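*Asks:* Below is the structure I would like to discuss, written out as structure tokens.
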Amino acid sequence: MAFANWFKRHMVVIAGLLTLAYLLLPNVVVTVFSFNKPNGRFNYEWQQFSTDAWKDPCGVAGLCGSLSLSLQIALWATLGATALGTAIAFALVRYRFRVRGAINSLIFLPMAMPEVVMAASLLTLFLNMGAQLGFWTILIAHIMFCLSFVVTAVKARVMSMDPRLEQAAQDLYAGPFQTFVRVTLPIAAPGIAAGALLAFALSFDDFIITNFNAGSTVTFPMFVWGSAQRGTPVQINVVGTAMFVVAVLFVLFSMIVGNRRNRRKA
Amino acid sequence: MSTLTEAPPPLSPAAPEKKAPRKRGRWTPYWLLLPGILWLVVFFAAPMIYQASTSVQTGSLEEGYKVTWHFATYWDALTEYWPQFLRSVAYAASATVLCLLLGYPLAYLIAFRAGRWRNLIMILVIAPFFTSFLIRTLAWKTILADGGPVVGALNTLHVLDVTSWLGWTAGDRVLATPLAVVCGLTYNFLPFMILPLYTSLERIDGRLHEAAGDLYAKPSTVFRKVTFPLSMPGVVSGTLLTFIPATGDYVNASLLGSADTGMIGNVIQSQFLRVLDYPTAAALSFILMAAILAMVTFYIRRSGTEDLV
């Protein structure tokens with residue numbers, strides 16, 4: 001009876017933790033299998049412990065090339081989408097003008113569209129224009145689909161800003177430019193950073209839209225996709241593990257910095 | 001960073017309701033909008049129109065295509081690929097329901113019960129976003145492998161007998177069956193359910209729970225009458241964020257499924273990139289878009305939360 005009561009009280013926690021386990025199980029498998037020494041082309045069955053792949057992550061032809069290409073594209077796409085998206089977010093929050101509703105829908109639609117539809121229609125356009133598929137078409141596509149997410153993230157932050165702070169700055173004789181750089185931008189920064197981070201993750205990980213618009217250029221997700229057919233090298237698991245660890249550390253770090261800053265303010 | 005993991009802070013009651021429109025520069029908003037909106041018009045809206053025109057073209061790769069208003073392409077595409085359409089909707093709907101059932105307890109846990117573990121759990125939910133989803137999806141091949149622990153356990157419990165009878169699995173296998181595809185879809189889109197759920201749960205004032213308890217509501221009643229209704233915006237946007245991308249996905253069906261589990265995304269992909277039959281491919285993706293828009297509009301109307309976007 002005691003157990004039944006305990007179970008009843010903690011049911012939500014147990015169910016939640018089980019879901020968390022379901023979410024993390026593949027990451028555990030990826031990590032474990034990065035230490036495998038597969039027998040054959042595919043790394044799906046456990047054979048033998050080995051650190052070979054960790055010692056030589058670039059030992060597979062094309063892997064590190066695709067990785068650096070993906071990083072470059074993600075970096076440029078983040079820069080482009082963040083710049084364009086932040087401007088849109090400010091315009092939407094700060095000004096009332098006629099076409100606002102239409103623009104809001106135009107921002108929302110890319111997020112509500114299945115990727116395959118966007119990918120296919122963009123490819124139709126590129127083919128019709130006779131564009132050379134490759135780095136530039138990928139970059140154009142990535143900026144396009146990251147843009148809406150940046151706008152949403154920045155908008156949320158700018159909307160919760162107290163406009164009186166800027167009024168105060170202007171009362172203290174700050175010019176419009178000075179107000180923007182010294183007051184507005186620092187307050188909006190966390191939203192812009194969140195948008196940029198989201199854009200980076202989305203661009204770096206995108207497969208469907210890239211697959212349609214890349215031509216023969218191979219980004220990292222496309223390399224993984226190809227290897228699923230031809231044989232998966234262990235190095236892919238090494239990269240996957242490293243990405244997970246870096247992401248966790250990065251988020252932990254930014255949270256600690258954020259907490260410390262909040263405490264200093266309090 | 002913090003805004004990615006936390007809900008945007010609600011407006012404090014002291015903040016003024018509406019800002020007075022600024023007078024500086026009537027054209028400023030248009031200049032701010034111009035580059036980004038131009039980008040979306042040229043690379044998002046215009047391609048959609050292009051695609052619509054492609055779907056009513058006839059011709060061949062060698063001789064080129066011409067708009068002939070050949071609407072029969074739509075009819076042919078529908079009659080030939082309706083099983084894939086149905087399957088996409090069925091798989092995506094199953095995955096969405098599973099995401100809601102699995103995601104709700106976790107979102108609830110983070111919002112109300114996690115205490116000082118909240119940030120850590122949040123990181124563990126988000127971090128997989130930054131790891132390649134293809135690598136993680138491939139990991140499911142290992143997890144669900146024939147003769148692996150999962151299949152073994154399901155076999156011992158005679159679950160596979162039932163699921164095979166239902167047509168979800170085939171014999172002793174889970175891989176290359178609908179169950180594997182739905183499992184992968186659920187996994188891939190689960191964070192998109194958890195985050196909006198968490199955001200709307202976190203906004204609920206804890207005192208409402210106390211008040212309900214003081215009025216002699218049982219915990220289950222509190223959940224049914226207070227918590228769940230108040231989390232409806234999260235439920236609606238979470239289900240949309242999982243259902244829409246899941247319907248168009250072809251990665252899970254390709255990696256974890258078989259020829260018999262193909263979804264409409266697989267067809268569009270192969271028509272576009274392998275068969276090179278552009279009108280059919282364009283018609284298919286147009287039908288998919290229209291179907292999703294129709295379903296979503298209906299759903300938003302029914303759930304009565306039109307202001308969620």
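*Asks:* Please report Rg (one decimal) and Dmax (integer) in Å for the Cα set of the protein assembly as shown.
*Replies:* When restricted to the Cα atoms of the protein assembly as shown, Rg and Dmax are 24.8, 78 Å.
*Asks:* Same structure again: For chain A, calculate the relative contact order in percent as a whole number, restricting contacts to Cα pairs under 8 Å that are 6 or more residues apart.
*Replies:* It rounds to 32 percent for chain A.
*Asks:* Please find, in a Gaussian network model of chain A (springs between Cα atoms separated by less than 10 Å), the residue of A:163, A:190, A:233 whose mean-square fluctuation is greatest.
*Replies:* A:163
*Asks:* Stretch residue A:189-residue A:17 to full length: gain in nm at 0.36 nm per residue minus the Cα-Cα span?
*Replies:* Value of the extension gain: 58.6 nm.
*Asks:* May I ask you to rank B:63, B:210, A:166 by accessible area, largest first, using a 1.4 Å probe over the protein chains only?
*Replies:* The ranking, largest first, comes out as B:63, B:210, A:166.
*Asks:* Chains B and A: how much accessible area gets covered up at their contact, both sides added, probe 1.4 Å, in Å² to the nearest hundred? Intermediate values should be presented prior to the final figure.
*Replies:* Working: alone 19560 and 16980 Å², together 28000 Å².
It comes to approximately 8500 Å² buried between B and A.
*Asks:* Can I ask one more? May I ask which residue of A:220, A:148, A:257 lies farthest towards the positive end of the charge dipole of the range A:130-260, with charges of +1 (Lys, Arg) and -1 (Asp, Glu) on Cβ and the Cα centre as origin?
*Replies:* Final value for the positive-end residue is A:257.
*Asks:* With just the Cα atoms of the range A:84-157, tell me how far they stretch along each of the three principal axes, in Å, largest first.
*Replies:* Sorted from largest, the Cα extents of the range A:84-157 read 39, 20, 20 Å.
*Asks:* Run the numbers for residue A:105 and residue A:24: contour at 0.36 nm per residue of separation, minus the present Cα-Cα distance, in nm.
*Replies:* Working: separation 81, 0.36 × 81 = 29.16 nm, distance 3.51 nm.
Contour length minus the Cα-Cα distance gives 25.6 nm.
*Asks:* Right, something else. Projected onto the charge dipole of chain B (+1 at Lys/Arg Cβ, -1 at Asp/Glu Cβ, origin at the Cα centre), which of B:50, B:153, B:235 gives the Cα projection farthest towards the positive end?
*Replies:* B:235
*Asks:* Assigning unit charges at the beta carbon (Lys, Arg +1; Asp, Glu -1) and nothing else, what dipole magnitude in debye, to the nearest 20, does the range A:1-136 show about its Cα centre?
*Replies:* Details: 9 positive and 4 negative charges, 141 e Å.
The dipole magnitude comes to about 680 debye.
*Asks:* Quick one: dipole size for the protein assembly as shown, taken about the Cα centre, charges +1 on Lys/Arg Cβ and -1 on Asp/Glu Cβ, in debye to the nearest 20.
*Replies:* 2360 debye
*Asks:* Another one. Towards the positive end of the charge dipole of the protein assembly as shown, with charges on Cβ (+1 Lys, Arg; -1 Asp, Glu), say which of B:100, A:10, A:65 has the farthest Cα.
*Replies:* A:10
*Asks:* Once you charge only the Cβ atoms, +1 for Lys and Arg and -1 for Asp and Glu, what is the size of the charge dipole of chain A about its Cα centre, to the nearest 20 debye? Intermediate results must be reported in sequence, preceding the final value.
*Replies:* On the way: 19 positive and 9 negative charges, 204 e Å.
Roughly 980 debye for chain A.
*Asks:* Between residue B:101 and residue A:32, what is the label-point separation in nm under the 7 Å Cα-to-beta-carbon projection?
*Replies:* 2.5 nm
*Asks:* Continuing with this model, one more query. Using a Förster distance of 45 Å, how high is the FRET efficiency between residue A:263 and residue B:31, based on the Cβ-Cβ distance and rounded to 0.05?
*Replies:* Numbers: r = 40 Å, r/R0 = 0.88.
Given R0 = 45 Å and the Cβ-Cβ separation, E is 0.70.
*Asks:* Could you tell me the relative contact order of the range B:92-221? Use alpha-carbon pairs under 8 Å, at least six residues apart, and round to a whole percent.
*Replies:* The value is 38 percent.
*Asks:* Say we join alpha carbon atoms closer than 10 Å with springs in a Gaussian network model of chain A; which of A:16, A:240, A:130 then has the biggest fluctuation?
*Replies:* A:16
*Asks:* In addition: With a 10 Å cut-off between alpha carbons and a GNM built on chain B, which of B:178, B:233, B:149 moves the most?
*Replies:* In this elastic network of chain B, the residue with the biggest mean-square fluctuation among B:178, B:233, B:149 is B:149.
*Asks:* How compact is the range B:59-163 by the rule of thumb for globular proteins, expressed as Cα Rg over 2.2 N^0.38 Å? Write down the numbers at each step before the final one.
*Replies:* On the way: Rg = 22.4 Å, N = 105, 2.2 N^0.38 = 12.9 Å.
After normalising by residue count via 2.2 N^0.38 Å, the value is 1.74.
*Asks:* Lone cysteines in chain A, defined as no other cysteine's Cβ under 4.7 Å from theirs: which are they?
*Replies:* Cysteines lacking a close Cβ partner in chain A: A:146.
The values are calculated or read from the model by the stated rules, or taken from the named source; none is laboratory data. Every value quoted in this text rests on a predicted model; they were computed, and no experiment measured them. Don't worry about glycine lacking a Cβ; one is built from the backbone with ideal geometry, like all the others, and counts go over all protein chains shown. Accessible surface areas use protein heavy atoms only, side chains included; no ligands, DNA or RNA. Shrake-Rupley method; radii C 1.70, N 1.55, O 1.52, S 1.80 Å.
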